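The values are calculated or read from the model by the stated rules, or taken from the named source; none is laboratory data. These numbers come from a predicted model, not from an experiment. In this analysis, Cβ positions are derived from the backbone assuming ideal geometry, glycine residues included, and neighbour counts consider all displayed protein chains.
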Amino acid sequence: MPEFDLVIKNGMIVDGTLAPRFRDDIGIKDGRIAKIGRIMPHEAAKVIEADGLIVAPGFIDLHTHYDAQVFWDPYLTISGWHGVTSVVLGNCGFGFAPVKPKDVERAMLTMVRTEAIPLASMQTALKFDWETYPQFMDALDRQPKGVNLLPYVPMNPLMGYVMGIDESKTGRMPTDQEHAEMRRLLNEAMDAGACGWSAQRLVPNGPSSVQRDFDGSPMNTDLMHDETCIEMARVLGERGEGFQELTLSSWDPKADAKHFELLAEISGRPIMFEVVATQDRFPHRHRNTMKWLERCRNKGLRVYGQGVTTDAGLSFTFEDWNLFDDSDAWREATTGTIKERQEKLGDPRRREALKNQMPRESLITSYFDEIIITDCVKPENKHLEGLTLRKAAAQTGKHPVDVMLDLAASEDLRTEFFAPAVNQNMELMKELIEYPHIPFGVSDGGAHTKFLTAGRYPTEGIVKYCRENQWLTLEQIHWRLSALPAFCAGFKDRGFLREGAPADMVIYDFDKLNVMPIEIVHDLPGNEWRRVQRAQGYKWIIVNGEPTFENDRCTGATPGRLLRHGVGA
């Protein structure tokens, strides 16, 4: 009987620990790495010949919103196509548990605008055969999985469950009794294996409050008090375990920094700051954030920054677009049915306010008039395709806002636009990439699927930062893609290739690795669609010892696990 279920022969191993690469064999038995060293072919039930290929740990995607998609897509694509073998769910405080049966529809509506997950897909695929968070985890356990799942407890449903959804959105301080119940529920969830808690606190009408509820009102976590965060941090401190993920934006970055440091002190546990991103117009922002993260490191505070390492822009039509919600006028004009939005966007009486509140400084766009007209429906408008709003305005004699909205309103909101990423300056990106303590990521996988394809970030990172620009070695980037995020978010035995570790790995051709062009695919439940970008060059993607993709094609295997307490069952 063969000693190993699978042997990978002659691969160039980059083990994720920053150790130098080396050529060797890897033997896998019962889903784990049983041996790294010379292995004879007859000792294996199956052999993968990896001569000339890179063998590295599977990638760990810390910032996703696959909480819905996991119920219809075991491989959590597009992340699964790009070598991701483990993801974290429940980010930004958003998710589906705990939830009272009467609030199920409302729970789905919460995700429609904030994360732009199609309601029809959720209504079709989500059974909601759970109420408590432990029951939700059991539902995840039952689901076939092509990747591993590590779940945060999201504060949005937790606050709504304890206070009532409407009451939790008033901004009042929870009572002592309500805080006690939140603490009890967090403890209950962590007893069942949850890895910690998360929240998104974007101050209403603040500089980055672009993510709103389905009706344009603030999310309850936007109105969450510091005291509630402190109560949750105390739970982790009392338990001596767990992790925290927090998106925070106010008018006072220094106050934000102090709040993160306080939570790190009280909990004694790691906290993930979302996000560190370069912005071409504001280079001081990421520099100040990195200086602060370095000060935290020198103090011994476990505050980590998640880096936006892809330059994915946003393709959109006003049929679905919601990411100008930091503007009162634009938010009001883009809520309601398609017909209502079409009427409002075409209403000349609203135009002055829309012009006065053009989004200028958000993470969505740096310069409004540099948005590109990419696809017009009517033949008479085709001559504008490929033009920025600025150039189209000069050609037509209109204001850029009038150009955009006249087009959209006249074409039933089907005109397509592209907002270039705010991080196009490669010299600024180089500063972020070369800071060694920032994990790669922020794919937002499962969210904004009609606008965004940032789940390509692992492949793009290797191609752009190692192969093309040579800013990082393979040793450095695989540490940033796997071992560092594993350390920051509580994966206890993944992110590296060592004997005894679970066999999550990618095997790829470094010279042929590529991100494929954007496609529109109609593969979501409820007859919905999304934009995707596939990968090319991954010969094998292996999860818990089983290949899930071979030559970029899915094998149908579902060896993924729910990682209770950070480890597989």
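Points to keep in mind about this one:
- Long-range neighbours under 6 Å by Cβ, at least six apart or interchain, first residue assigned by TED's automatic domain parsing to the domain that holds L158 and more than 12 Å from G268 (Cα to Cα) within the stretch 229-250, second buried (at least 24 other Cβ atoms within 10 Å of the Cβ) and of a type in the set (G, A, S): E245/S198; L246/A199
- Matching option when the condition is under 22 Å from the mean Cα position of the chain (by Cα) and touching a residue at least 12 places away in the same chain (Cβ under 8 Å), among A277, A264, A329: A277
- Of all residues in the stretch 37-70 being part of a strand (DSSP E or B) and of a type outside the set (V, I, T), the one that is farthest from G545 (Cα to Cα): D61
- Of all residues in the stretch 530-569, those satisfying the criterion of being among the small types (G, A, S) and part of a loop (DSSP other than H, G, I, E, B) are G537, G545, G556, A557, G560, G568, A569.
- Of the strands (runs of 3 or more DSSP E) lying entirely inside the stretch 192-300, those containing at least 1 residues that are in contact with a helix residue (DSSP H, G or I) (Cβ under 8 Å, 6 or more places away or on another chain) and among the β-branched types (V, I, T) are 243-249, 271-276.
So that you can scan it fast, the table gives a plain yes or no per residue for (1) assigned by TED's automatic domain parsing to the domain that holds E460; (2) touching a residue at least 24 places away in the same chain (Cβ under 8 Å); (3) under 17 Å from L150 (Cα atoms):
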residue	(1), (2), (3)
R38	no, no, no
D51	no, yes, no
Y66	yes, yes, yes
S79	yes, yes, yes
T85	yes, yes, yes
G90	yes, yes, yes
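- Restricting attention to the stretch 402-434, the residues that are surrounded by fewer than 22 Cβ atoms within 10 Å (Cβ to Cβ) and assigned to a helix (DSSP H, G or I) add up to 11.
- The single condition from (1) closer than 30 Å to G16 by Cα; (2) surrounded by fewer than 17 Cβ atoms within 10 Å (Cβ to Cβ) that I438 fails is (2).
So that you can scan it fast, the table gives a plain yes or no per residue for (1) assigned to a helix (DSSP H, G or I); (2) crowded, with 24+ Cβ neighbours inside 10 Å:
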| site | (1), (2) |
| --- | --- |
| G95 | no, yes |
| V104 | yes, no |
| A116 | no, no |
| T124 | yes, no |
| W130 | no, no |
| P134 | yes, no |
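- For the stretch 470-478, the count of residues that are crowded, with 24+ Cβ neighbours inside 10 Å and more than 30 Å from F4 (Cα to Cα) is zero.
- Residue count for the stretch 435-460 satisfying the condition of being under 26 Å from P118 (Cα atoms) and either acidic (D, E) or in a loop (DSSP other than H, G, I, E, B) (or both): 11.
- Residue match in the stretch 63-75 (condition: surrounded by fewer than 22 Cβ atoms within 10 Å (Cβ to Cβ), farther than 23 Å from G446 by Cα and either modelled with pLDDT of 95 or more or among the small types (G, A, S) (or both)): no
- Selection count where residues are part of a helix (DSSP H, G or I) and of a type outside the set (D, E), scope the stretch 461-478: 11
- Verdict on L513 being modelled with pLDDT of 95 or more, crowded, with 24+ Cβ neighbours inside 10 Å, within 26 Å of P559 (Cβ to Cβ) and not assigned by TED's automatic domain parsing to the domain that holds P283: no
- Total residues in the stretch 479-495, condition surrounded by 24 or more Cβ atoms within 10 Å (Cβ to Cβ), at negative phi and part of a loop (DSSP other than H, G, I, E, B): 2
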